[in-house]
Amino acid sequence: MSLLDLGKLNNVYKLKVKGLAHFGAHKGEGVEEYRKLNYSPIHLFESQKNLFKKLEVSFLKDKDVFLYNVGLGKENKTSKLFLSSSNESASASLLKPSGHLKYHPK
């Protein structure tokens with residue numbers, strides 16, 4: 001389930017979505033909902049290599065799902081990504097954790 005009720009948004013605003021880009025796709029949990037809404041093509045961007053490998057296993061042969069192992073930003077460069085070990089890598093940042101670690105050490 002996504003943070004937004006996409007079905008309701010489609011109905012209320014009569015959206016005609018011709019494709020979707022999901023940045024920070026994690027393991028592709030939203031793809032089933034996108035398919036129910038006939039969103040196609042689906043572009044999944046995931047910068048974490050371990051999560052991207054899971055996306056490849058799940059969607060590599062899917063003709064409507066396109067996978068990108070990149071993060072997006074204003075500069076074309078490679079950066080270190082700081083990952084959270086406590087939530088299946090759902091949290092990641094280019095900034096080194098600081099105050100957050102005081103309250104959530106793992």
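Structure notes:
- Of everything listed in (1) on the phi < 0 side of the Ramachandran plot; (2) over 15 Å from the mean Cα position of the chain (by Cα), the single unmet condition for N38 is (1).
- Residue list for the stretch 5-30, filter: under 10 Å from the mean Cα position of the chain (by Cα) and on the phi < 0 side of the Ramachandran plot: A21, H22, F23, A25, K27, E29, G30
Laboratory data are not the source of any read-out in this text; all were calculated from the coordinates shown. Everything numeric in this text was worked out from a predicted model, so none of it was measured.
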